[in-house]
Each structure stands twice: as C-alpha cells, then as structure tokens.
1. Identify, among Ala576, Ser117, Asn380, the residue whose Cα sits farthest towards the positive end of the charge dipole of the chain, taking +1 on the Cβ of Lys and Arg and -1 on the Cβ of Asp and Glu, with the dipole about the Cα centre.
2. To the nearest 0.05, what FRET efficiency results for Lys629 and Asp602 with a Förster distance of 25 Å applied to their C-beta separation?
3. Ignoring everything but the protein chains, give the 1.4 Å probe accessible area of Tyr179 in square angstrom, nearest 10.
4. Relative to the first principal axis of the alpha-carbon coordinates of the chain, what is the inclination of helix 799-825, with its axis defined by its Cα atoms, in degrees from 0 to 90 and to the nearest 10?
5. With each pseudo-label sitting 7 Å past Cα toward Cβ, what's the Cys587-Gln733 distance in nm, one decimal?
6. Lys316 to Thr301: extension gain in nm, 0.36 nm per residue of separation minus the Cα-Cα distance?
7. Near Lys87, which lysines are there with a Cα under 20 Å away, not counting those fewer than 8 places off in the same chain?
8. To the nearest 20 debye, what is the magnitude of the charge dipole of the chain about its Cα centre, counting +1 on the Cβ of each Lys and Arg and -1 on the Cβ of each Asp and Glu?
Amino acid sequence: MGKIPSQIGNLSNLVYLGLGGSYDLFAENVDYSAVEHLLAENVEWVSSMWKLEYLHLSYANLSKAFHWLHTLQSLPSLTHLDLSDCKLPHYNEPSLLNFSSLQTLDLSRTSYSPAISFVPKWIFKLKKLVSLQLQGNEIQGPIPGGIRNLTLLQNLELSFNSFSSSIPNCLYGLHRLKYLDLSSSNLHGTISDALGNLTSLVGLDLSHNQVEGTIPTSLGNLTSLVELDLSYNQLEGTIPTFLGNLRNSREIDLKYLYLSINKFSGNPFESLGSLSKLSSLLINGNNFQGVVNEDDLANLTSLKEFDASGNNFTLKVGPNWLPNFQLSYLDVTSWQIGPNFPSWIQSQNKLRYVGLSNTGILDSIPTWFWEAHSQVLYLNLSHNHIHGELVTTIKNPISIKTVDLSTNHLCGKLPYLSNDVYELDLSTNSFSESMQDFLCNNQDKPMQLEFLNLASNNLSGEIPDCWINWPFLVDVNLQSNHFVGNFPPSMGSLAELQSLEIRNNLLSGIFPTSLKKTSQLISLDLGENNLSGCIPTWVGEKLSNMKILRLRSNSFSGHIPNEICQMSLLQVLDLAKNNLSGNIPSCFRNLSAMTLVNRSTDPQIYSQAPNNTRYSSVSGIVSVLLWLKGRGDEYGNILGLVTSIDLSSNKLLGEIPREITDLNGLNFLNLSHNQLIGPIPEGIGNMGSLQTIDFSRNQISGEIPPTISNLSFLSMLDVSYNHLKGKIPTGTQLQTFDASRFIGNNLCGPPLPINCSSNGKTHSYEGSHGHGVNWFFVSATIGFVVGLWIVIAPLLICRSWRHVYFHFLDHLWFKLQSFSSYSITV
C-alpha cells in the first residue's frame, strides 16, 4: 500500500508493469472494506515508458489522477490495460483519443467519483480492441449500440450490470466473438435467431437474467461451442436435438452445459445422450420428466458433474448396471430411484457430493456404502424411507463432513462421529435411548461439528453434560424428543452458539443460568417444557444479540423483567402460556427491531459458521414454531420479516402500556387471556404494520379507538369477552371480521347484529358461543330437571310403585327379545 513512487517512470525500457492487487477469496478474518488501495495521485510518470505494452493497476486509487486517460493514451506501445477495481476521478469525455495499439481493456468494478451509470463513449473508438471487460459496474439502460464499432472483439464481458433491456442486435454482428458473458445483467426478452451468426463462439453465458422463450434453432450453427450457460432464466420448451451434435472440426464436443432453474420440459436425454465429451451437465430445477435408462446414459463417458435434481425423472437400470462415467458430483434429488438402494453407486469411487434426497428408497444403507465412499464430503439421503440401525452398518465413526439423513425411519442408538464432521442432520427419525455415548464418547480432541439437528426423534433421558468437547457448535436443535431433567451446565461453554432449540421436551428446573455465557445467541427456543421460576434479568443484559426468544408453554412466574427491553434486535418475543404476573413493561417501546426504521429486510435469519469447507454450509437458516394466526406454523424462509409479541394466557395485570404503540413495525400482537384492565391505547392506529391483534378475554374497558380503522393490513382482530362499549369503528376491514370477535362486550354496530340506539345505549351480545345468559337454554334446562324429578320422585318415595314399574320394564324387555329372535329366524 502507500503511494506509487514516480521514480518508477525512469524504467524507460520496461515492457510489463504489474502493480495490481487482488483479494484472497479464501482468506479468513479479512475485513475487505478496510483494505487500502495503492495510491497514485497522478500517472504522469508513465509517459516516459515508451516501450510499455502491459500495464496492470487493479485496485489502485486513481481518484486524484485527473489526467490519467490523457496520459495513458499517449503510450504508443500499450496493448493491455487493466484498471479493474480502481477508484477513478470525475469522468470527462475526452475530445481526442489516440489509443492506437490497445487490444485488451479491463475496467471491471471500477468506481468513478461521482459514480456514473453508463459506458464511457471513448471506449467505442478503440477499433483494435480484442477483449473488453466491463462487468460489475452497475451500468444502467440498454447495452449501448456503439459496441458494434468494436468489430475485432473476441472477448466481451458485461456481466453484473443493470441493463434492463433485451439482447441488442448489435451484439449479433460481432462475428469474431469467442466468449460472450452477459450474466446477471437484468436482461429480458427472447434470444434472437441472429445468435447463429456468432459462429466463432466458444463460450456463451446468459445466466441469471429474465430471458424467456425457447432456445433458437440457429444455436445449432455454433459448432465451436464448448460452454453454454443459460441457467436461472425463464426459458421453456424442449431441448433441441441439435445440442447433441455441436462438434467442431477438431471434434471437441460441448463440455459444459448449464440449463438449471428454467421451465424446460420433455426428456432432455433424448437430445443430449450423444455428448461423449460432456463433463458438466446441470439441468436441475426444471419441468423435465420421463424415464431414463442405461442407453440414455451410455455415451456420457466424460461426465464428472451431474445435477438433474428437482425434476420428475425415473431411473430404470438393471441391478448389475455399471455406468461408463466416473462422477465427482451427483445430485438426483426427487428422482424415482428406489425402492432398493442404488447398487451402481458403489462403482463411483471419486464422488465428493452425493444428493439422493426424496428418491423413493425403501431400503437400509448397505455397509459397503460407508466403506467405499470415505472420500465423500457431502451426503444427503433425506426424505426417503430408509430404515435400520446405523450403528450396525457403520463399522467406523462417520467422517463425511456434511451428512443429512433426516426424515427417514432410522432407529436404534445414535451413530458415532469422527471429529471431521461439520454438519449432522438426523432429525425426524426414530433414534432412541440416551445421547450419552454419542456426545461423551470421543473426548480425546475437540469435535469440529457446527450444525447438529436431532429434532423429532425418540431420544430420552437427561441431556448429557459433555458439551465442552463440542466448542464450534453454532446451531443445536434437540426439539420434540423425550429429554428430562435439568439443563446441562456445560452447554454454557458453547461460545459460538447462535441458535438453540429444545422445545417440546420434558425439561425441568429454572431458566438455565449457564446460558449467561452464550452471548452470541440469536435464537433461543425453550418452549413446551416444564421450566419454572422467574425469567432472570441477565437475559436482556447478556444476550443482546437475541432476535428470537420463545419460552412458551412453561411454568415461568414473576414479572417480565424490564431488562428484556435492552434486546434491541429482538423480533419475536413469545412468553405465552406461563404464570407471569405484574404489568406489561412500558419499555417495550425500546424494542427497536419492531419499528419501521430498524426492522429487518432480510427474509431469513442465519446462524453463521466460523469455518468454511467445500460443500459445507457457511450458514444455517434459523426456523421456529410460531402461533401467529390461530395456528402453529414453522417459520424459516420468511422469519426475518416477522415481528411478534405474544404474552397470552398469563396472569398479567394493569393497563396496556400506551408506549407499545410506538412499535410501528410490529406484525402480530397477542395479549389475550390475561387480567388486563383500562382502555385500548388511543395510539393503536399508529401501529400500521399490525396484521393480527388479540385482546380477548381480559377486562379491558372503554370504547374501541376510532384510529384502529387506520390499520390497513389488519386481517384479524379479537376483542371478545371484555368490558368494551359503544360503537365498533367503521373501517375497510373491521366490518368484515366475524361477529364472534366482538361478543361478550357492550358493543354495537356491524358486524354485530345490534344497531346502536340513538340515545347511545347498547346491549350485550353473546352470540351462539357467548358467556352471557341465554334464557332459552336456561328454560330448557329447568324444564328437563323438573320433568325428570316428576318421574323419579314417586319411585323413590313409594316401594310398591317401584316394583310395578320395574316389572313393567322386565316384561317389555322380554317382548322385545322375543320379537328380535323371530325376525332373525324369518
């Protein structure tokens, strides 16, 4: 870093000068925003380098070199100029340009001060350009037509811009193009038949746009094509047969074909089966369907990467089939491959990634699989019907870095792990017994595991106190098992822990004090257990990163601590169904993540892993069970957009604090089934993000504030069984709600069938499910009781009457039996 010394210009015979920098994409713990650029206050020192052909100044700060363009164009021998990732000064279009020799120009990710959003016009005067790179410059508007002047271009990279246009015809006239990259540029429209004019193309990348329509037939003219990437668009139709015949004079077939995430249909193997040189075939996430047999795959002898997941294929091969290829990457998720475990996998001894999720396997995992694939880094066999005990088929501890066997029928004890595993998901199976051996067996060196999911099994006993040997855990999910006893103290040693879910177990004791040390926690779910005692004040003081706090359905008592209000990032607070008492803290207004200004815009909440290995997750999506609209739903993909406070079914007293109306970013508010008094705060109309409000079954009084009709997103309001009175405010939503949401009060007006009288008096309306007195049922009940006793009382008083009555019943029963027997005989 520092300044470029001007004396370097004395090297007048220099041909190549490289002062460019680069970021190490794999370096750890680097704050790239703080990386300093090499500074050049001017570039006048270059003007004496008459022989300079190659100049690389990437990542240099040229923001004060106001005459850089004038200086550089004076170099008569300059053929290659790389100013990628540079900071450039205020842009001025030159009146005269004389880059007489320039052949390659890289202005990728350059930033002008102030910023510009167009392609500088002087570039289109560089008639000798062979390569032009402008990716990542946030260029807006259509691709400029001036690019047609660069008739010698062989390489054109315009990716990661915002053109917001279709592919212009001027590009189809650049007949010398070998590599064209327009990916991630917000392009739309169709691919023109004129694409077939670019007969020299070797690589074409149109991925990550909104291109639609079908693949033009003229694509068959591109006989030199080696790489074609049309993934992440809206293309449809079948794959044309000519794609299987792209062959140039040297007989080098298409090697890389990427069609992922489109709307293609049909059976592509009818067109692609002859691509013997194809190395990577990614066609996942389309509408492909059909049967794939051995002959369809016989010629794909060079295939190494194969991803056809998310389609509707059925693989029909013989039990002794041996593929002609050796894959390193295989993902056939959602294919029909079962019921037997695919034996042909045994021949693929170079696999690193194996995706066999939801493939209809109704078998056990054979022993040979674990022995023959020790080199695998990622294994996903989830959402099948795989059964058996893993401990009987695995001779050695699992060493695959990422293992997902969730949603199967696996049983028995948990398998042993080596310390090489980073992610393990065994959720939704039938594993049983204790975690003791699994957790406490390997104590010789720390385990590397970061994500552990054992949810929805039959694990029992106490949660073992051996967590000190698992220091890198980021996400732990033990929910929906049968764990009992107290919270293990050693869990407090998990300094990296960000998400902990232990809901729906049988844990007892007080709020775990050991969590005081887990300051990185962003999601804590201890709901549906038998925990008791007070919610400690340190929860708000020590767990300041908390976004999700769920303590629902326990036996916590005492007041809600004011310190919870220090959780400025808190988005979901669920304390429902406890024994909490006292007032609702007025400091809830300090929960700033529930305001519009500070509310999250990221739909997902992530737990971030400290390490990053190939095919392992850098982050996990946090999910939690929330009761927001009268039912329990698992929220994950949109959890980051949810803001909720649920204090229902407690023993809370006092008034609803008016300060809570400052939370104008709150979506869901449930204070029902408490002992709250006083009015609904007048400012409730300021809570414009509210979707549901439940104040039912309290002792709230007064009138419903008229401002409540301002809540345009409100889809549910329940104020039933309170002491409210007066007219229900008129608004776009309120009159559409069910009348049962307002019963048990002294309210009138729609949706209740009670008109508000002119003198302002109202009458209680209970509806068919109310708690008020319904005189029809009272009268019916009294009549039934009186009638019953008219019959029973004489029988109790007079013994002779009883004998006559029961003799009559016996005689009647005998007659009925006789009639029944006669009927059956007939």
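The values are calculated or read from the model by the stated rules, or taken from the named source; none is laboratory data. Everything numeric here is computed off the predicted structure, so don't read it as measured data. All Cβ positions, even for glycine, are placed from backbone atoms using ideal geometry, and neighbour counts span all protein chains on display. What goes into the accessible areas is simple: the full protein's heavy atoms, side chains included, and nothing from ligands, DNA or RNA. Shrake-Rupley method; radii C 1.70, N 1.55, O 1.52, S 1.80 Å.
1. Ala576
2. In this case the efficiency is close to 0.65.
3. Surface accessible to solvent at Tyr179 totals approximately 120 Å².
4. On a 0 to 90 degree scale, this one is about 50.
5. 3.1
6. 3.5 nm
7. Reachable lysines: Lys3, Lys64, Lys121.
8. Numbers: 48 positive and 64 negative charges, 263 e Å.
Using only the charged Cβ atoms, the result is roughly 1260 debye.
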